[in-house]
Amino acid sequence: MKNGVRAVTEYAAAVALLKIFGWMPRTIAHRAARILSRLGFSLVNRQRNAGMKNLAMAMPGLSADEREAILRACFDNLGRLLVEFSHFPRLDKANISKYVVYDGFENFAEGIRRGKGVLFLTGHFGAWELSSFAHSIYGHPMKFVVREIDNPRVERLISNYRTRGGNAPVSRRNASRDILKALRNNETVGILMDQNTVREEGVFADFFGIPAATTPAVATFALRTGAAVIPGFLIWDETLQKHRLRFDPPLKLIQTGDRARDILENTRMFNRVLEGYVRKNPDQWLWIHRRWKTRPEGNAPLY
């Protein structure tokens with residue numbers, strides 16, 4: 001009974017948030033989201049503490065005040081994400097350029113030209129939900145790997161927003177089959193590879209100089225299929241007051257013939273790419289996730 005009430009409550013809250021922020025004009029919605037994000041910073045102790053711990057480990061040269069400023073901006077970024085997500089129903093080909101502009105589209109075009117599919121190397125950066133959605137509105141729908149939300153009603157609601165432009169989610173349960181099929185059809189697949197994974201499913205690759213349990217999926221699929229691996233990130237540009245959907249040139253994969261070693265070395269390279277983006281715009285990454293929770297065998301917990 002309690003679980004049922006909780007599920008209904010979660011769904012009602014999700015619907016209310018999306019409707020309220022989706023109804024507001026953007027300028028007002030962003031102001032409201034900033035108020036909400038500041039309230040959240042004060043209330044969610046576990047996430048705030050994880051964020052401060054992560055920043056202390058990743059950027060030890062910063063002062064406590066500097067780390068707190070980055071973390072507050074991280075919460076503001078989550079508020080911006082909420083506004084953008086709630087406004088998905090309002091976006092179309094006629095207005096998308098008011099909010100998202102391409103930066104390096106020719107690099108994506110090169111990946112498609114190669115004919116073996118494109119793997120977007122990306123993470124929880126900027127308004128990441130808007131990244132794939134804007135790309136689909138511009139006429140380039142893609143597949144993206146998701147972890148389904150435990151509440152099925154909330155999952156259906158969120159999926160309905162995500163797929164309005166033609167994108168299609170790939171459940172982790174069927175990921176290998178669906179990804180291989182998409183790449184063979186020269187389609188695009190986005191994989192968020194910046195979250196902690198369990199020891200049995202990941203490899204340890206340094207992230208900010210700390211061994212991080214990382215999914216080897218991008219490297220594994222790229223080496224198997226020859227797909228182009230293109231870093232793709234949505235960056236909020238304060239000067240433009242728009243998001244820049246940035247695509248880098250396809251990465252040159254490390255291929256020695258030793259598959260296990262190649263997977264590890266390419267995953268290390270991918271983490272370095274992601275780290276470079278985070279260092280340039282630290283306020284736009286999801287610091288509140290316990291990225292280094294899984295430790296190598298015999299290492300003490302960090303949280």
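The values are calculated or read from the model by the stated rules, or taken from the named source; none is laboratory data. Every value quoted in this text rests on a predicted model; they were computed, and no experiment measured them. Reconstructed Cβ throughout: ideal geometry from the backbone, glycine too, with neighbour counts over all protein chains shown.
Tell me, which residue of segment 186-231 that is charged (D, E, K, R) and within 28 Å of residue 116 (Cα to Cα) is surrounded by the most Cβ atoms within 10 Å (Cβ to Cβ)? Steps first, answer last, please.
Within segment 186-231, the first condition is being charged (D, E, K, R), and the residues that meet it are 187, 194, 199-201, 206, 224.
Right, trim to within 28 Å of residue 116 (Cα to Cα) and you get 187, 194, 201, 224.
On the way: 187: 18, 194: 25, 201: 13, 224: 14.
Applying the filter and picking the extreme gives 194.
Where the second residue is not in a strand (DSSP E or B) and the first is of a type in the set (Lys, Arg) and lies in segment 231-244, which pairs have Cβ atoms under 8 Å and are six or more apart or on separate chains?
Taking only residues 6 or more apart or on different chains, the pairs are 242/98; 242/99.
Which count do you get for residues in segment 245-258 that are in contact (Cβ under 8 Å) with a residue 60 or more places away in the chain and either touching a Cys at 6+ places or on another chain (Cβ under 6 Å) or not hydrophobic (A, V, I, L, M, F, W, C) (or both)?
So in segment 245-258, the residues in contact (Cβ under 8 Å) with a residue 60 or more places away in the chain come out as 245-251.
Narrowing the set further to residues that are either touching a Cys at 6+ places or on another chain (Cβ under 6 Å) or not hydrophobic (A, V, I, L, M, F, W, C) (or both) leaves 246, 248-250.
The number of residues fulfilling the criteria is 4.
Name every residue in segment 210-230 that is touching a residue at least 60 places away in the same chain (Cβ under 8 Å) and either under 24 Å from residue 291 (Cβ atoms) or β-branched (Val, Ile, Thr) (or both), in order of residue number. First the steps, then the outcome.
Going through segment 210-230, the residues touching a residue at least 60 places away in the same chain (Cβ under 8 Å) turn out to be 210-213, 217-218, 221-222, 225-230.
Of everything in segment 210-230, those that are touching a residue at least 60 places away in the same chain (Cβ under 8 Å) and either under 24 Å from residue 291 (Cβ atoms) or β-branched (Val, Ile, Thr) (or both) turn out to be 210, 211, 212, 213, 217, 218, 221, 222, 225, 229, 230.
In segment 106-149, what residues are in a helix (DSSP H, G or I) and either in contact with a helix residue (DSSP H, G or I) (Cβ under 9 Å, 6 or more places away or on another chain) or within 27 Å of residue 74 (Cα to Cα) (or both)?
Within segment 106-149, the first condition is being in a helix (DSSP H, G or I), and the residues that meet it are 106-113, 128-137.
Correct list: 108, 128, 129, 130, 131, 132, 133, 134, 135, 136, 137.
It is to be established whether one or more residues within segment 245-258 are of a type outside the set (Lys, Arg) and assigned to a strand (DSSP E or B).
Let us first name the residues in segment 245-258 that are of a type outside the set (Lys, Arg), namely 245, 247-251, 253-258.
Add one more test, that the residue is assigned to a strand (DSSP E or B), and what stays is 245, 247.
Yes, there is a match, as at least one residue in segment 245-258 is of a type outside the set (Lys, Arg) and assigned to a strand (DSSP E or B).
Is it the case, given these coordinates, that residue 92 is surrounded by fewer than 12 Cβ atoms within 10 Å (Cβ to Cβ), at pLDDT 95 or above and not polar (S, T, N, Q)?
When the stated conditions are applied, residue 92 passes them.
Select from segment 32-54 the residues that are in a helix (DSSP H, G or I) and of a type in the set (A, V, I, L, M) and list them in ascending order.
In the first step, residues of segment 32-54 are kept if they are in a helix (DSSP H, G or I); the result is 32-43, 45-54.
The answer is 32, 33, 35, 36, 39, 43, 50, 52.
Of all residues in segment 158-185 being crowded, with 17+ Cβ neighbours inside 10 Å and of a type in the set (A, V, I, L, M), which is nearest to residue 91 (Cα to Cα)?
Result: 158.
Identify the single condition in (1) in contact (Cβ under 8 Å) with a residue 24 or more places away in the chain; (2) surrounded by 16 or more Cβ atoms within 10 Å (Cβ to Cβ) that residue 68 does not satisfy, given that it satisfies every other one.
Failed condition: (1).
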